[in-house]
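The values are calculated or read from the model by the stated rules, or taken from the named source; none is laboratory data. The structure presented is a predicted model; accordingly, all values stated were derived computationally and were not measured. Every residue, glycine as well, gets a Cβ built from its backbone with ideal geometry; the counts of neighbours run over all protein chains shown. SASA here: full protein model, heavy atoms, side chains in, ligands and nucleic acids out. Shrake-Rupley method; radii C 1.70, N 1.55, O 1.52, S 1.80 Å.
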Amino acid sequence: MNTESTTINFKGQDENQMNITLFKEKIETKTLHIGIIGLGYVGLPLGIEFSKNGFNVTGFEKNAQKASLINQQKSYIPDISDQEVADCVDQKLFRATTDFSNIRTMDVLIICVPTPLSKTKDPDLSYVVNSIQTIKQYAKKGQLIVLESTTYPGTTEEIIVPELSEFTIGTDIFLAFSPERVDPGNETYKIKNTPKVIGGVTEACTQVSELLYSQAIDQVIPVSSTKAAEMVKLLENTFRSINIGLANELALMCDKLDVDVWEVIEAAATKPFGFMPFYPGPGLGGHCIPIDPFYLSWKLKTLNYDARFINLASDINSSMPHHVVNKVIHGLNQHEKSVNGSKILIIGIAYKPNIDDMRESPALDIIQELLSLGANIDYHDKFNDSLELAKQSFKSVSLDQSSLSRYDCCVIVTNHDYLDKDLIINHSKLIIDTRNMTKGISKDHIIKI
Ligand code: SAJ
């Protein structure tokens, strides 16, 4: 028998148990020091949640202004109040730093950095790679490293593990993947009450990660591997992208059939089982749904598999801004006007209601196409005072009787709850409604997608 392997296994078992025991003790005594890499809409709420549960948290943030705001007890994330930050900073349970050498004093590192797409719609893992290459400079035995950034199945094993080659994963150091499930603006589901999926490189990694997250999150769901955990997140968001794509194609089909797609979906949604409504819209915005499925299709392409649903849904979703512009052209034409020279008001430019986030917002595509056709564009969105687009600067205009009547066409792109529907309906000359905000109101000057 190879005593070498027996020795290593035996040693491994001892060291493995020792590190797990040490980790447990630090959790029980709340002496565990948690590091969050990236204090964005995922990292900041997560760090605050652990601090609220009595753990010492350090946020590692490259943006010195953000780090300074945190240490001045200020939040820059709508979902986290200044008071929540102040309470944790006051108790010396939360701080931010740009000095990444402090990683050496951490017991846990949770990577919450962006995973955007490159210009060619390929995964851009540069933030993740930079993070792990920084971490490994200061990594030490007994640490737990968790990647939360949304990425393709295999990233943890293929990108992170090789960077930690000086350690024995699962014995010296623990490594897991746990998808973020932060829904900006969601008043119901926050960090604490959103179930957390976790997949470790080894059973011990899963066990230690479960132990950690269960200190701050009500329900922790272990899966068999990091790859499974990475795939869970992509299923969740690909599911949405494809079903939104179906709803958008339904809108295009109902347009041809002269049927009200909103009425059809509402009636179908009365089915008490086996149906889940999704709705057409001006296009697919946000930092998750338009992006994440491409991480999956890109990975499958490297395995010679064509993820047809993902690509088809993307084609349809990205055709919706142009469909909206066609509705504007058609509507103005009915008023014997051309887009060229018309004054058009875009109502709501964030990517979804009641938030300010503009990332991938379809409003930007609609504005750019209308500008290219010679329209004079203004917008209104109380969550976004100004907008730089197509080398032009815009300011959100007020919405009142006189301002509305100045426009040849008003396009409802994002139906924020605060908007006064009756004011818009009663004082606009022409309305293109991309969100069924004018539901149940049939007037000649209202055109719905
Ligand atoms: N949209 C439609 N029709 C729909 C639903 C959405 O056109 O029926 C559009 C929205 O207007 C938006 C885009 O799709 O432009 C994305 O909307 P979303 O509701 O998916 O909102 P997101 O992008 O904030 O997605 C997040 C995701 N959360 C995480 O990734 C952690 C998603 O998994 C959540 O399901 C979603 O919030 C949510 O439920 O609000």
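What fraction of the Cα pairs in segment 48-141, stated in percent, has a spacing above 21 angstrom? Display every interim value, and only then the final one.
Details: 1731 of 4371 pairs.
For segment 48-141, the share of Cα pairs beyond 21 Å comes to 40 percent.
Exactly which GluC sites (Glu not before Pro) in segment 174-257 are in a DSSP loop and have at most 13 other Cβ atoms within 10 Å?
GLU187
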* Whole-Å distance, taken between Cα centres, linking segment 193-244 and segment 112-185 -> 14 Å
* For segment 13-224, state the semi-axes of the equivalent ellipsoid (square roots of 5 times the eigenvalues of the alpha-carbon gyration tensor), sorted largest first and rounded to whole angstrom. => 24, 20, 17
* Structure fact -> Expected vector for segment 231-243, Karplus 3J(HN,Hα) from phi with 6.51, -1.76, 1.60 and θ = phi - 60°, integer Hz, x for Gly and Pro, equals 6, 4, 4, 5, 4, 4, 8, 5, 3, 5, 4, 5, 6
* At 1.4 Å probe size, with no ligands or nucleic acids counted, give the accessible surface of MET253 in Å², nearest ten. => 90 Å²
* Name the shape class, rounded, prolate or oblate, that the alpha-carbon gyration tensor gives for segment 34-97, where a ≥ b ≥ c are the square roots of its eigenvalues, rounded holds for a/c under 1.5, and otherwise prolate holds if a/b is larger than b/c and oblate otherwise. => rounded
* Would you mind getting the Kirkwood hydrodynamic radius of the chain from its Cα pairs, rounded to one decimal in Å? => 24.2 Å
* To do: Counting only DSSP beta bridges with both residues in segment 13-224, tell me the antiparallel percent, nearest 5.
  => 10 percent
* Asked: Per-residue HN-Hα couplings for segment 403-420, Karplus 6.51 cos²θ - 1.76 cosθ + 1.60 at θ = phi - 60°, whole Hz, x for Gly and Pro?
  -> 5, 4, 5, 7, 9, 6, 7, 10, 10, 7, 9, 10, 8, 4, 4, 6, 5, 8
* Structure fact -> In segment 241-448 the DSSP beta bridges are antiparallel at a rate, in percent to nearest 5, of 20 percent
* Quick one: compute the contact order of the chain, relative version, from alpha carbon pairs under 8 angstrom and 6+ residues apart, as a percent. => 10 percent
* Charge dipole (debye, nearest 20) of segment 13-224; +1 at Cβ of Lys and Arg, -1 at Cβ of Asp and Glu -> 440 debye
* **Percent antiparallel among DSSP beta bridges (both partners in the chain, rounded to 5)** => 15 percent
* Structure fact -> If each part is reduced to its alpha-carbon centroid, segment 53-109 and segment 356-416 end up apart, in Å, by 36 Å
* Reported to two decimal places, what Rg/Rh ratio describes segment 176-320 when computed on Cα atoms with Rh from the Kirkwood expression? -> 1.05
* **Per residue solvent-accessible surface (Å²) - the chain, probe of 1.4 Å** => 46 Å²
* Asked: Taking the Cα centre of the chain as the origin, how large is its charge dipole in debye, to the nearest 20, when only Lys and Arg (+1) and Asp and Glu (-1) carry charge on their Cβ atoms?
  -> 320 debye
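Considering only protein heavy atoms and a probe of 1.4 Å, how much of the accessible area of the chain is carbon and sulfur, as a whole percent?
On the way: 10770 of 20730 Å².
Accessible surface attributable to carbon and sulfur in the chain totals 52 percent.
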